[in-house]
Amino acid sequence: ADQALTTQRIMLDVVIALVPVMLVALYVFRAYAVKQLAICIVSCLAAEALFTKMRSRALPLKDLSALVTGIILALSLPGPAPWYVGVIASFVAIGIGKVVFGGVGMNIFNPAMVGRAFVMIAFASVLAASGYQDAGSSVDAVTQATPLDTYKQTGAVAPLMALFLGFTNGSLGETSALACLIGGLYLCIRRTASWEIPAGVIGATLVLG
């Protein structure tokens with residue numbers, strides 16, 4: 001019981017930390033963000049319920065781990081990605097990224113990233129640079145190329161402030177450095193995440209850079 005409560009508290013902290021990122025995604029990508037979040041969250045919860053039933057175990061949805069997987073997975077996808085990409089990625093994330101290893105705390109990879117990697121390989125054409133754009137959309141972010149693709153095609157560099165705030169195209173949760181920093185600081189303050197890890201990565205990058 002103590003372990004379940006601990007897992008639930010950690011996962012709840014992660015959900016709270018992801019709120020700034022989700023808010024920016026909803027503001028910038030609007031219906032695209034709503035669509036991907038709904039698809040991935042519902043699919044991850046359904047996959048968790050299905051695989052748990054297949055193993056004849058108690059349904060662990062209260063630990064919020066499937067919810068966290070669904071949110072992270074959705075935020076890693078481009079807004080225009082077809083619905084089936086999120087569904088398949090969710091079932092792979094829970095089934096292969098998590099359940100195969102024994103469940104929460106036993107997996108050696110982040111389940112959401114296992115699902116993302118699978119669909120990136122399986123549906124490369126809709127997740128490549130062109131998959132981030134929708135010319136017929138009224139949402140500005142998805143009518144333009146991603147910053148890296150723009151730089152590759154034209155040599156133009158996106159304004160630093162736009163990159164920092166998140167007013168650019170990209171995967172739903174990757175565009176706003178500010179939102180990610182706020183969430184990360186929250187996790188460090190709550191001691192859900194160890195500050196030494198991001199500090200070490202940033203420090204090493206600065207030294208090598």
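The values are calculated or read from the model by the stated rules, or taken from the named source; none is laboratory data. Nothing here was measured: the structure is a model prediction, and the numbers come from that model. FYI the Cβ positions are ideal-geometry reconstructions off the backbone, even for glycines, and counts take in every protein chain you see. Surface accessibility is based on the protein's heavy atoms, side chains included, excluding ligands, DNA and RNA. Shrake-Rupley method; radii C 1.70, N 1.55, O 1.52, S 1.80 Å.
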Handout entry: Residue match in the range 134-154 (condition: open to solvent by less than 70 Å² (accessible area, probe 1.4 Å), in contact with a strand residue (DSSP E or B) (Cβ under 8 Å, 6 or more places away or on another chain), without any contact (Cβ under 8 Å) to a residue 60 or more places away in the chain and not β-branched (Val, Ile, Thr))
Key = no
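Quick check on this structure: which one of ILE71, ILE16 is among the aliphatic types (A, V, I, L, M) and closer than 22 Å to VAL99 by Cβ? Explain how you work it out, then say what you get.
Values: ILE16 fails: closer than 22 Å to VAL99 by Cβ.
Exactly one of ILE71, ILE16 is among the aliphatic types (A, V, I, L, M) and closer than 22 Å to VAL99 by Cβ, namely ILE71.
Would you call PHE101 at pLDDT 95 or above and either farther than 23 Å from VAL19 by Cα or out of contact with any Gly (no Cβ under 8 Å at 6 or more places or on another chain) (or both)? Working first, answer last.
Values: at pLDDT 95 or above: no; either farther than 23 Å from VAL19 by Cα or out of contact with any Gly (no Cβ under 8 Å at 6 or more places or on another chain) (or both): yes.
Against the criterion (at pLDDT 95 or above and either farther than 23 Å from VAL19 by Cα or out of contact with any Gly (no Cβ under 8 Å at 6 or more places or on another chain) (or both)), PHE101 does not qualify.
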Problem - Given (1) surrounded by 19 or more Cβ atoms within 10 Å (Cβ to Cβ); (2) under 23 Å from VAL21 (Cα atoms); (3) at pLDDT 95 or above, index of the condition LEU64 fails - result: (3)
Handout entry: Single residue of LEU127, LEU181 found to be buried (at least 18 other Cβ atoms within 10 Å of the Cβ) and within 16 Å of the chain's Cα centre (by Cα)
Key = LEU127
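Looking at this structure, is ALA112 in contact with a helix residue (DSSP H, G or I) (Cβ under 7 Å, 6 or more places away or on another chain) and at pLDDT below 95? Spell out the reasoning first.
Working: in contact with a helix residue (DSSP H, G or I) (Cβ under 7 Å, 6 or more places away or on another chain): yes; at pLDDT below 95: no.
No.
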